[in-house]
Amino acid sequence: MFSRIKALTLMQLGNKFKFRRVADKKNLVLKLFFKTLSIFATVAVTFLLLYVIKNVIFLPVNRTTFVFLLFISQIISLIACSLGLVESLYYGKDNQILMSFPAKHHEVFISKLTVYYINELLKNLYFVVPMFIAFGFINGMGVFYYPNAMVLTFLLSFIPVLLGSLISVAIMGIKQLAKRASWIGIILTFGIMVLLFWLANVLIGSLERPIRLIEVYNAFVTQTVLFMQRINDFALVYNNFVQTAFNINLVANYLIISGVIICLALLVVLVSMPIYFKMASFGNEHSVTKKHKHKQSKRKSVFLALLNKEFTLIKRSANQFVQDYILVVSMPLVLYLLNGFYWAMAPSVNGIEMIVAFNLFVSLLLLTASNTQTASAISAEGSEFGLLKTSPSDTKQVAWAKMISNFAVSTLFIVASVLMLFFAKNVTKYYLWQTAVVLVLINSGHILWSFQLDLRNPQFAEYSQKKAGAENVNKSRSVVAGMAMAVIVALVTVFFMMIDNSASPWSRIIGFSAGFFALRLVLFIFNLKVYFREIEA
Amino acid sequence: MNKKTIIMLTAIICVVSIILVSIFGQVPNFQTNVLVKTISIEGYLDKNGNIIPCEKNNAGEDIIWLDKIEAGETSIVLKWKINPNNASNPDVYFSTGIDDDSIVVSDQGIVTFYTSTRTNCVVTIKAKDGSLVFARVIIMKRVSNNSPDGGVEL
């Protein structure tokens, strides 16, 4: 059994880290040298940060702070592990190959967990180890502290992986439910959004007005210390980790830590392992049991047929839609929270102009970052795009159909954000509609730009091999372009409102945005005419 | 550059923007100059934010008793009161008279013990507005059932 687990683990590790490709030993040594250097650099940066926290921000850098930071980092790690394990254990592309090997299913499961543990350990080398070392330096710990910290790092990596594998079962349960009824995902997202709005409202309502951050600095620091102490009550085993690192009740704490890890491992064996094969099979496309009803379709124009297909895809994979548009969906909440803080101050005329510029900046960052699926709209079709192009009609219209769905969703959320700020109690209404017009124009221009990127350089091969998770260079370019536009629009707003002091700044800002949109539209039409027919899948 | 980077960047920009608007975009706070008249140390805060009040020893000095002092772990947040509470500059500074960093007190009144061998200290709080008003408190580790005595020599 162990030899099979070892073979399976090594195969996955070899595939993950591309061992076979490392033929050049000199290159390998150089790579290891730079990796070690980057760990030392992280130690230096962490030490500097802790030094600033202690001597500039005046927060104590002691065991309480350590437990707090470790606890928060491990919560993030747990979330990442749970989501990553869902993908790796149940949706992994290698599942079909591994399951067909002459090995038992639980051996595949254990090998996958081992690979994930090694991955987590490597991640901790870049975060937890530097944190341990920096805390040791700041608190003047003895020599024993450092090897002890290394042992603890090995043990620490077990907890998010084991807990994550348990949580992944629950996530898969929810996913199975959501797959049967896609509206559950939407209702869940909507429920979470309502809850977050309620929490934001409570937070903003509790602010003392006007906020003067400099005057309440002392209260901020003392409340932070008390907050850390309260949170540490829930840190459970992480308290033992830090106590062990600081050489307090060493044997007892090591026993507690080992006990927790053994209990978690037993829970994984009892809960996750028996249902692994069934769950992993669920991710397979052959597990779809939905029966389609046959119906007579009405004749539609080419454009309407293509648009209908885009909206059908959105309906069919509502969860994917929420993931794609999560930044746009969260925009009303972010703007509400941000404006709640802005207007809890007593802004001067300059302050109001700064608020307008920051609102545009933040909104555009979120909106343009969501246009990444437009930047991979053609590539995501994969090799099937060739079939689409051979249709006996004007298939160029697929470009407009793909963009209209994005445009409709973005505009809907821009209007929703403005309406929400308009009706919010704690926010003063300044230039909301002008802001909305600028956002719609710049975002539409950016959608055209993003599609143009994919039109000129589609990545069919990458998508055919790796499917939707593939990193597309066009996506990165789209995000960078969007960020540049957000910065430029914010600077233009500051210039026309604060430096130029013109009587009608909004007509100029909207004029600039309309100019950008017109330019992108003309360029897109030209590019579509020239490049669309040249695309070869 | 991906969505995660944008989320982090947005969070940083939001915080920076609030700080910038607070510093450069607020109506100035006009007040007449009111000096601090008295300062008193009420005690320290427990982790739930409740005040654990000072006790008085026989010499009438304020004293805070701590059950344990652990190096790098024990941190207490002092709670003080300024009169009048609408003083123009309510800022204060603290000093311990200990210059070896074994006990550090920040401007926010957070006293941190970086050694467990030193078990007592005197913290002095002074107003920053030049009014020369100050108060003192003695922080001591409680040894068995010792009750406040007639003063501490440090």
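Annotations
- Helices (runs of 4 or more DSSP H) contained entirely in the range A:320-433, each with at least 1 residues that are of a type in the set (V, I, T): A:326-343, A:349-369, A:397-423
- Filtered by the rule that a residue be under 29 Å from A:L78 (Cα atoms), in contact (Cβ under 8 Å) with a residue 12 or more places away in the chain and not in a loop (DSSP other than H, G, I, E, B), the range A:202-238 gives A:L203, A:V221, A:T224, A:V225, A:M228, A:Q229, A:I231, A:N232, A:V237, A:Y238.
- The range A:493-522, residues that are more than 16 Å from A:V440 (Cα to Cα) and modelled with pLDDT under 95: A:V494, A:F495, A:F496, A:M497, A:M498, A:I499, A:D500, A:N501, A:S502, A:A503, A:S504, A:P505
- Some residue of the range A:403-411 being open to solvent by 30 Å² or more (accessible area, probe 1.4 Å), farther than 30 Å from A:L207 by Cα and without any contact (Cβ under 8 Å) to a residue 24 or more places away in the chain: yes
- Filtered by the rule that a residue be more than 27 Å from the chain's Cα centre (by Cα) and aromatic (F, W, Y), the range A:196-244 gives A:Y217, A:F220, A:F241.
- The set of residues in the range A:75-108 that are under 30 Å from A:N232 (Cβ atoms) and either aliphatic (A, V, I, L, M) or buried (at least 21 other Cβ atoms within 10 Å of the Cβ) (or both) comprises A:I75, A:I76, A:S77, A:L78, A:I79, A:A80, A:C81, A:L83, A:L85, A:V86.
- Filtered residues of the range A:173-194 (kept if more than 24 Å from A:A416 (Cβ to Cβ) and over 21 Å from the mean Cα position of the chain (by Cα)): A:G173, A:Q176, A:L177, A:K179, A:R180, A:A181
- Residue-level check: of (1) more than 22 Å from A:E208 (Cα to Cα); (2) surrounded by 12 or more Cβ atoms within 10 Å (Cβ to Cβ), B:D100 misses just (2).
- Among (1) open to solvent by 20 Å² or more (accessible area, probe 1.4 Å); (2) in contact with a Gly (Cβ under 7 Å, 6 or more places away or on another chain); (3) more than 10 Å from chain A (Cβ to nearest Cβ) - the single one B:S40 does not satisfy: (2)
- Residue within the range B:66-77 that is touching a Pro at 6+ places or on another chain (Cβ under 6 Å), within 12 Å of another protein chain (Cβ to nearest Cβ) and farther than 30 Å from B:S116 by Cβ present: no
- Failed item, numbered, when A:I186 is tested on (1) open to solvent by 80 Å² or more (accessible area, probe 1.4 Å); (2) more than 30 Å from A:V427 (Cβ to Cβ); (3) in contact with a helix residue (DSSP H, G or I) (Cβ under 6 Å, 6 or more places away or on another chain): (2)
- Among residues that are closer than 22 Å to A:G136 by Cα and either of a type in the set (A, V, I, L, M) or touching a residue at least 60 places away in the same chain (Cβ under 8 Å) (or both), A:F101 is not included.
The values are calculated or read from the model by the stated rules, or taken from the named source; none is laboratory data. As the structure is a prediction and not an experimental result, all values here were calculated from the model. Please note: Cβ atoms are built from the backbone with ideal geometry, for glycine as well, and neighbour counts cover all protein chains shown. To get the accessible areas, we keep the full protein, side chains included, count just its heavy atoms, and leave off ligands, DNA and RNA. Shrake-Rupley method; radii C 1.70, N 1.55, O 1.52, S 1.80 Å.
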